[in-house]
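The values are calculated or read from the model by the stated rules, or taken from the named source; none is laboratory data. The model shown is predicted, which means the values in this text are computed figures rather than measured ones. Don't worry about glycine lacking a Cβ; one is built from the backbone with ideal geometry, like all the others, and counts go over all protein chains shown. Surface areas here come from the heavy atoms of the whole protein model, side chains and all, with no ligands, DNA or RNA. Shrake-Rupley method; radii C 1.70, N 1.55, O 1.52, S 1.80 Å.
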Amino acid sequence: MKPVNANPSKMPATRQRITLPLARGFVTIVLSSVALLLICLVVAPSSVSAGALSGSLPFAAILAIAGLGQMLVVQQGGFDLSVAGGVSLAVVISTHVSAGNNAELLPAILMAAGCAIAAGCANGILVGFLRLNAIVATIGMNALLYGAVFAVSGGVPRTTTSLLAHIAGGSILGIDNTVWFAVAILLIVAFVMKKTVAGRRFEAIGANPRAARAVGLRVRQHQMMAYVCAQLLYCTAGILLAGVTSQPTAYQGDSLLLPSVAVVVLGSTSLLGGRGFPVSTVIAAFFLNQLSQFALAVGVPYSAQTIIQAAALGFGIAVYSLRMPNLIRTQLISS
């Protein structure tokens, strides 16, 4: 009887599988973005020219920041309709309180951040502790924020300070500063959510608040923190928006309400709460912004932008409502 050859080098080749799990939402939004860029190159090349991209990327980055804030709230099964008021209040405080004086810009930014924290705490108390409907509570907060907007500005726009215009409107290595801000915020949010204990607890609470409460997690405090962090991100988006717009109006935040929800849905975050996908949300912001640029390039009037955003929101809900596998696995088979 021949002995078994135990030498691995002489054993028959076997298949080895390397599985790389990719979230379905990430794959979908990446493929959609690539397809959109290809369509733009063929149908409307002007929408992807260097000039068009340099002009639109700052606004895509601002939308990404606001979308990340909305994502934090949606993860907890909530909904924040005070985006417009939060962004607009940051815009008018950073422009009217500083009054064109660079030395007053930092106090203005700190005041805007303080108002954002107060608004976020109020939303968190109303929704998390008093158990009010999130839509009703945040609509009311949005009205209060707009009341503060008109109290500060009187409805009259004011020119951005030169320092804020330089910070938000400048560029480093040929890339707009707003894009760098968006990347930095994305890295912070993604790291905290995916690599820290607090972030994993945050996602667990959003997925199943009752189970989280049963194991002793502070559900209401996490929900309130989601609204506070969201308002701080809206505030950041508003300050950057004031910097890239020479004379922002008191209604500057209105254009971010529907898109902030659309990018969250396109980024595959469930409206019922649970896991969030920061990277997919940021890519979705670029996709939605480029979709708007493409529509303008082919002659769709600007007044139809809301319809386009609503259609994108409906598309996202329809795609992620389909019963598909949660993960797309790329298998590399080697002998």
Pop out the ³J(HN,Hα) list for region 201-211 in order, Karplus 6.51 cos²θ - 1.76 cosθ + 1.60 with θ = phi - 60°, rounded to Hz; leave Gly and Pro as x.
-> 5, 4, 5, 5, 5, x, 6, 8, x, 5, 5
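Loop-only check: which chymotrypsin sites (Phe, Trp or Tyr not before Pro) in region 183-262 are DSSP coil with at most 16 other Cβ within 10 angstrom?
Values: sites: Phe191, Phe202, Tyr227, Tyr234, Tyr251; in loops: Tyr251.
Passing sites in region 183-262 are Tyr251.
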3J(HN,Hα) from dihedral phi, region 265-271, Karplus parametrisation 6.51/-1.76/1.60, rounded to Hz, x for glycine, proline = 5, 5, x, 6, 6, 5, 5
Going from most exposed to least, what order do Asp254, Asp176, Asp80 have by accessible area with a 1.4 Å probe?
-> Asp254, Asp176, Asp80
Taking 0.36 nm per residue of separation between Ile39 and Ser54 and subtracting their Cα-Cα distance, the length gained on full extension comes to 3.5 nm
Hz values of 3J(HN,Hα) by residue in region 131-147 - Karplus curve (6.51, -1.76, 1.60), Gly and Pro given as x = 6, 6, 4, 4, 5, 5, 5, 6, 5, x, 5, 4, 5, 5, 5, 5, x
From Cα coordinates alone, what are the radius of gyration and Dmax values for region 153-223 in angstrom?
-> 19.6, 53
Relative to the present Cα-Cα distance, how much length would full extension add between Ala311 and Trp180 at 0.36 nm per residue of separation?
-> 44.2 nm
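With a 1.4 Å probe and all protein chains left in place, how much accessible area per residue does the chain have, in Å²?
Result: 50 Å² per residue.
What does the highest-first list of 125-133, 94-102, 210-218, 278-286 look like by mean Cβ count within 10 Å?
By packing density, highest mean first, the sequence is 278-286, 94-102, 125-133, 210-218.
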Amide H of Thr269: which non-local residues (sequence gap of 5 or more, or other chain) have their own amide H closer than 5 Å, using H built in the peptide plane?
-> Phe277
Round to the nearest 10 and report in Å² the accessible area of Ser162, as given by a 1.4 Å probe over the protein chains' heavy atoms.
-> 80
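Given a cut-off of under 8 Å on Cα pairs at least six residues apart, what relative contact order in percent is computed for the chain?
So the answer I get is 36 percent.
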Order by accessible surface, 1.4 Å probe, largest leading, for residues Thr178, Thr245 comes to Thr245, Thr178
Averaging sequence separations of C-alpha pairs under 8 Å and six or more residues apart, then dividing by the length of region 12-148, give the relative contact order as a whole percent.
-> 22
Whole-Å semi-axes of the chain's equivalent ellipsoid, largest first, each the root of 5 times a Cα gyration tensor eigenvalue?
-> 39, 26, 19
On a 0 to 90 degree scale, rounded to 10, what angle separates helix 278-297 from the longest Cα axis of the chain?
-> 60
How much accessible surface area, in Å² rounded to 10, belongs to the heavy atoms of Met224 with a 1.4 Å probe?
-> 50
Does anyone have the angle between helix 177-195 and the longest principal axis of the chain? Alpha-carbon axes, 0 to 90°, nearest 10?
-> 50
Any idea what the relative contact order of region 222-283 is, in percent, if you count C-alpha pairs under 8 Å spaced at least 6 apart?
-> 19
